[in-house]
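All remarks here apply to the structure that follows.
The values are calculated or read from the model by the stated rules, or taken from the named source; none is laboratory data. Quantities reported herein were computed from a predicted structural model and do not represent experimental measurements. Cβ placement follows ideal geometry from the backbone for every residue including glycine, while neighbour counts extend to all protein chains displayed.
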Amino acid sequence: MNEMACTRLGQSGLIVSRLALGTMTFTHGSDWIPGVAKTGLDDAQRMVDMALDRGVNFFDTADGYSNGEAEDILGKSLVGKRDQAVICTKAGFRQSDRFNDAGLSKSHLIRSVEGCLHRLGTEWIDLLVLHKTDFTTPLEETLKTLQLLIDSGKVRYIGCSNWPAWQVAQAIQFQRDNGLDQFVAGQYLYNAVSRDIEVDVLRMGDTMGVGLMAWSPLAGGLLTGKYNLNDINASGGRLSESNFLNIANEQAQTALTALDSAATAHNATPAEVAQAWILNKNRNHTVIIGASKVSHLESSLKAAKITLSSAEIAAIDAAAVPVRRYPEWFDGMMHDEIYTKALS
């Protein structure tokens, strides 16, 4: 097994590779997001084998990816290798038109986990992540159900995805007050041009012990440099079908210029540097890498080997500085100069 940098996931004893192989592309032929889900079992098997061989032990999937097909393929690809893998799957999105087949209720979560276990062909889920918030279910019900799943041995660690920082903090405080296992991971959109979580989510995570799993590190492919920024729809690829990030052209171009410069210096591609930027920002960050081809995975794995200089990081940082909202900008003005000087 090749050496791969690892980290402790949040405030837990779970050790994971800093790169996680995402399975959003895995499908048996479902028409779910055709521009994304296009990797069949044979190629998926090769990707899983390559990831394990290169030291990746972390695999991310969800019951909503191709209607559960991604979980099924991941499970088949890990036959005989289950003990080498840390499997993260997600639940919460609607699974059918049956009225209660959605959300984070006790009924739906238990049913969802049973389905995940069956498709993955495993007796336990290493990390169960709540894929979304649920305004219809009391938070206490959701958190107590997660504990029930942990106590039953079906789930070992828990996390959330796409939750606002205040709600994660509220949940963790309830978990602590009631002796429950707390969230140890948060999956969030994060890349060189999508950095909203720097304002509050990342700071909350550092304080509360929630490790980042960054999704869409290439901004849907934008940071590969393959798109014509003046006419993304004509460029082909995922963003031509759904440009859900709405990144300003000027920001995208500034980021790509900085990525190109660093890529040249490191004999790498802009995509590899974009992923390395997240890893270099914080030693505890993990990155979910997706691939529709084995060659894409080969490239992404190289990102773990790139060490960027402080100047290179600063140049990429400057491209898309997140807007600081009140009270964040006010708080930033309130540093006491005497204390700061004395403690520096």
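Worth pointing out:
- The stretch 115-137, residues that are in contact (Cβ under 8 Å) with a residue 12 or more places away in the chain, surrounded by fewer than 23 Cβ atoms within 10 Å (Cβ to Cβ) and within 17 Å of Asn67 (Cα to Cα): Gly115, Leu117, Arg119, Gly121, His131, Lys132
- Checking Arg46 against (1) surrounded by fewer than 24 Cβ atoms within 10 Å (Cβ to Cβ); (2) touching a strand residue (DSSP E or B) at 6+ places or on another chain (Cβ under 7 Å); (3) charged (D, E, K, R), the condition it does not meet: (2)
- Residues (surrounded by 17 or more Cβ atoms within 10 Å (Cβ to Cβ) and of a type in the set (Gly, Ala, Ser)) located in the stretch 150-183: Gly159, Ser161, Ala165, Ala169, Ala171
- Looking across Leu139, Leu128, Leu104, one residue alone is touching a strand residue (DSSP E or B) at 6+ places or on another chain (Cβ under 9 Å), modelled with pLDDT of 95 or more and more than 20 Å from Gly10 (Cα to Cα). It is Leu104.
- The sole residue among Gly75, Gly115 that is closer than 20 Å to Leu41 by Cα, more than 20 Å from the chain's Cα centre (by Cα) and either among the charged types (D, E, K, R) or not in a loop (DSSP other than H, G, I, E, B) (or both) is Gly115.
- Failed item, numbered, when Ser300 is tested on (1) surrounded by 15 or more Cβ atoms within 10 Å (Cβ to Cβ); (2) more than 30 Å from Cys88 (Cα to Cα): (2)
- Take the conditions (1) surrounded by 16 or more Cβ atoms within 10 Å (Cβ to Cβ); (2) touching a helix residue (DSSP H, G or I) at 6+ places or on another chain (Cβ under 8 Å); (3) in a loop (DSSP other than H, G, I, E, B); Gly55 misses just one of them, which is (2).
- Residues satisfying the stated conditions in the stretch 63-90, i.e. of a type outside the set (Val, Ile, Thr), within 22 Å of Cys160 (Cβ to Cβ) and surrounded by fewer than 24 Cβ atoms within 10 Å (Cβ to Cβ): Asp63, Gly64, Gly68, Ala85
- Residues being of a type outside the set (S, T, N, Q), more than 24 Å from Leu218 (Cβ to Cβ) and not in a strand (DSSP E or B) - total across the stretch 11-31: 4
- The set of residues in the stretch 276-287 being in contact (Cβ under 8 Å) with a residue 60 or more places away in the chain and either in contact with a helix residue (DSSP H, G or I) (Cβ under 6 Å, 6 or more places away or on another chain) or surrounded by 23 or more Cβ atoms within 10 Å (Cβ to Cβ) (or both) consists of Trp277, Leu279, His285, Thr286, Val287.
- Test for Ala315: is it closer than 27 Å to Met24 by Cβ and either touching an Asp or Glu at 6+ places or on another chain (Cβ under 8 Å) or surrounded by 18 or more Cβ atoms within 10 Å (Cβ to Cβ) (or both): no
- Residue within the stretch 280-299 that is at pLDDT below 95, touching a Phe, Trp or Tyr at 6+ places or on another chain (Cβ under 9 Å) and of a type outside the set (Asp, Glu) present: yes
- Pick from the stretch 246-280, criterion assigned to a helix (DSSP H, G or I) and of a type in the set (Val, Ile, Thr), ranking: nearest to Asp196 (Cα to Cα): Ile278
- The condition of being closer than 21 Å to Ile289 by Cα, modelled with pLDDT under 95 and not in a loop (DSSP other than H, G, I, E, B) does not hold for Gly186.
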